[in-house]
Amino acid sequence: MPTITNHLPTAELQALDAAHHFHPFTANNALATKGVRVITRADGVYLTDSEGHRILDGMAGLWCVNIGYGRKELSDAAARQMQELPFYNTFFQTTHAPAIALAAKLAELAPGDLNHVFFAGSGSEANDTNIRLVRHYWATKGMPERDVIIARRNGYHGSTVGAGSLGGMAAMHAQGGMPIPGIVHIEEPNWYAKGGDETPEAFGLSCARQLEEKIVELGAGRVAAFIGEPIQGAGGVIVPPSTYWPEIQRICDKYGVLLIADEVICGFGRTGNWFGSETFGIRPHIMTIAKGLSSGYAPIGGSIICDEIAEVVGRTEFNHGYTYSGHPVAAAVALENLRLMEDENILDHVRNVAHPYLAERWAKLAEHPLVGETKLVGLIGSIALTPDKERRGKFASDEGTVGYICREKCFANNLVMRHVGDRMVIAPPLVITPEEIDVMIERATLSLDQTYEAIRSEGLLKAA
Ligand code: PXG
């Protein structure tokens with residue numbers, strides 16, 4: 001076997017990848033035929049591929065490289081920690097400085113009395129922790145029957161069996177025996193797709209009230225928790241109407257249902273605050289974190305837990321944990337990432353520079369004949385593609401056909417902009433500059449124009 005490095009020809013890397021690397025969320029046989037794109041290096045907001053293309057990463061990796069690529073401070077922090085203490089567990093009455101420091105820092109940044117951190121290796125693991133945590137909390141309080149968790153259709157909470165069950169992705173539930181028992185789903189607050197003739201505000205309220213109806217139907221004594229992303233990310237960057245979260249909060253308060261905010265995408269500056277919960281006025285009992293916590297430089301996630309839950313669950317042994325809970329290298333990298341975010345005032349940059357600059361240009365895309373709506377909060381945004389702007393119409397083609405075409409055009413134009421069905425989504429690194437935003441908008445506009453031409457000539461510009 002050759003030594004496999006970036007110096008091999010692309011075709012050789014592709015062939016070896018196809019032979020041995022089974023990709024997540026991918027039709028692997030089709031990808032093997034098509035040939036995978038090989039990313040070789042990255043700096044700032046730009047990726048480089050094995051053919052030498054410089055690609056603007058409008059998705060910050062996978063919604064995570066908030067600080068941008070190529071920050072030597074983070075690789076230095078990892079190297080220092082690896083040399084000092086590459087690993088030790090946090091199970092058997094031991095700890096280490098990186099885990100202590102990161103937990104303390106997160107308690108300082110998190111709102112309210114979210115003062116305790118249970119570490120995991122990813123967002124999925126953290127949500128699995130949350131399932132067991134809330135059920136064990138109620139059991140410890142003498143209410144073991146309070147075990148149902150309510151989540152939303154088209155929500156995304158990860159891909160382990162527990163987290164995938166919390167998620168409301170029909171395509172995931174169709175494979176491998178999900179959801180597990182004790183998890184029920186209500187409608188997502190997706191006004192554009194599902195709001196019909198209702199105003200967004202009325203639709204937001206009626207979606208939130210499905211939570212109350214479900215609680216009453218099950219009996220409040222059966223419901224442990226509600227979980228939701230402040231903005232649904234993988235579901236297509238669905239920004240809820242302004243009425244939605246206040247009503248969800250009122251209902252959780254009324255019935256004593258624990259509120260879990262999944263901040264895996266919305267956390268760490270994405271919406272212009274440290275957490276999406278602050279942007280939407282949510283007061284969660286638990287926040288799920290990952291991704292932007294380390295800007296994706298090291299795999300780490302966790303649950304930030306309020307005082308009451310920590311006290312109750314702390315009364316007994318919580319029989320749960322991961323080898324890499326609080327991994328010292330990942331924790332050191334995350335700490336350094338948070339230090340850079342603070343020292344460089346990244347939140348101010350999002351709020352006062354990047355968001356206002358992008359907001360004006362993003363909103364203008366609504367003038368494009370294919371665009372039905374644009375949404376942007378902080379630096380997370382989406383556009384709905386439509387054949388019929390007036391009626392928020394869907395395409396006659398299978399959902400995602402046109403979105404996929406648009407994504408391919410973006411890639412060809414050296415822009416990573418994802419599609420979720422027929423919505424296009426962006427979440428660029430938070431350090432993106434106005435000049436880079438100009439490049440992103442220019443490439444996005446060109447790709448939309450090319451998509452329009454392509455679907456017109458292929459006969460796909462038809463409403464359902
Ligand atoms: N919660 C949310 C809100 C997420 O977006 C997870 C939990 C799970 O995190 P881990 O670290 O286990 O992946 C996520 C992850 C996509 C995509 O296609 C989104 C995610 C992951 C993979 C793909 O948009 N989000």
Listed residues His96, Ile238, Gly158: farthest to the positive end of the dipole of the range 73-343 (Cβ charges):
Gly158
Dipole check, the range 222-376, charges on Cβ (K,R +1; D,E -1), about Cα centroid: among Ala290, Leu340, Tyr324 the Cα furthest to the positive pole belongs to Ala290
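Counting only C-alpha contacts under 8 Å and six or more residues apart, can you give the relative contact order of the chain as a whole percent?
Once divided by the residue count of the chain, the mean separation gives 19 percent.
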Averaging 1/r across every pair of distinct alpha carbons in the range 162-278 and inverting yields a Kirkwood hydrodynamic radius, in angstrom, of 15.1
Rounded to two decimals, what is Rg over Rh for the range 73-343 when you use alpha-carbon atoms and the Kirkwood radius?
0.97
Could you look at the chain and say what percent of its accessible area is carbon and sulfur, using a 1.4 Å probe and all protein chains?
54
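So what's the projected area for the range 216-262, the Cα convex hull averaged over all directions, in nm²? Walk me through the numbers before you get to the answer.
Details: hull surface 14.7 nm².
Mean projected area of the Cα convex hull: 3.7 nm².
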Report, for the range 73-343, the % of DSSP beta bridges that are antiparallel, rounded to 5.
45
Return the inverse of the average 1/r over all pairs of distinct C-alpha atoms in the range 1-123, which is the Kirkwood hydrodynamic radius, in Å to one decimal.
18.3
Quick one: how many lysine pairs does the chain have with C-alpha atoms less than 18 Å apart and a gap of 8 or more or different chains? Give me the count, please.
12
Compactness of the range 55-118, expressed as Rg and Dmax over alpha-carbon positions, Å:
15.4, 47
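Given Cβ point charges of +1 (Lys, Arg) and -1 (Asp, Glu) and nothing else, what value in debye, to the nearest 20, does the dipole of the chain about its Cα centre take?
Working: 40 positive and 54 negative charges, 123 e Å.
The dipole magnitude comes to about 600 debye.
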Rounded to the nearest 20 debye, what is the charge dipole size of the range 73-343 about its Cα centre when +1 sits on each Lys and Arg Cβ and -1 on each Asp and Glu Cβ?
480
The chain - mean residue ellipticity at 222 nm from DSSP helices (-39,500 (n - 2.57) per run, n ≥ 4, rounded to 500):
-12000 deg cm²/dmol
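Would you rank Ile100, Ile186 by solvent-accessible area, highest first, keeping every protein chain in place and using a 1.4 Å probe?
Values: Ile100 90, Ile186 5 Å².
Reading off the accessible areas and sorting them downward yields Ile100, Ile186.
May I have the convex hull volume per residue, in Å³, for the Cα set of the chain? Before the final figure, lay out each step's value.
On the way: hull volume 71.1 nm³, N = 464.
Residue-normalised Cα hull volume stands at 153 Å³.
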So what does log10 I(q)/I(0) come out to for the range 408-454 at q = 0.18, 0.19, 0.22, 0.25 Å⁻¹, using the Debye formula with one equal point on every Cα and no solvent?
-0.54, -0.60, -0.78, -0.97
Expected vector for the range 42-53, Karplus 3J(HN,Hα) from phi with 6.51, -1.76, 1.60 and θ = phi - 60°, integer Hz, x for Gly and Pro, equals 7, 8, x, 9, 10, 9, 10, 9, 5, 9, x, 5
Near the amide H of Thr40, under 5 Å away, which other amide H atoms are found, from residues 5 or more places off or on another chain, if H is placed in the peptide plane?
Thr48, Asp49, Ser50
³J(HN,Hα) across the range 439-450 via Karplus (A = 6.51, B = -1.76, C = 1.60, θ = phi - 60°), whole Hz, x for Gly/Pro?
5, 4, 5, 4, 5, 5, 5, 4, 5, 5, 4, 5
As an exercise, find the ratio Rg/Rh for the range 105-212 from alpha-carbon atoms, using the Kirkwood inverse-distance average for Rh.
1.03
If I take the Cα coordinates of the range 226-372 and project them onto the principal axes, what are the three extents in Å, biggest first?
59, 41, 26
Could you give the spread of the C-alpha atoms of the range 354-455 along their three principal axes, from largest to smallest, in whole angstroms?
38, 28, 19
Could you check what % of the DSSP bridge pairs in the chain are antiparallel, to the nearest 5?
65
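Computed over the Cα atoms, what is the radius of gyration of the range 1-41 divided by 2.2 N^0.38 Å, N being its residue count? Before the final figure, lay out the partial values.
On the way: Rg = 10.3 Å, N = 41, 2.2 N^0.38 = 9.0 Å.
Expressed relative to 2.2 N^0.38 Å, the Cα Rg reads 1.14.
If each residue of separation counts as 0.36 nm, what is the full-extension length gain between Ser457 and Thr40 once their alpha-carbon separation is subtracted?
146.6 nm
The values are calculated or read from the model by the stated rules, or taken from the named source; none is laboratory data. From a predicted model like this one, the values you see are computed outputs, not experimental measurements. Every residue, glycine as well, gets a Cβ built from its backbone with ideal geometry; the counts of neighbours run over all protein chains shown. Calculation scope for accessible area: heavy atoms of the full protein, side chains included, ligands and nucleic acids excluded. Shrake-Rupley method; radii C 1.70, N 1.55, O 1.52, S 1.80 Å.
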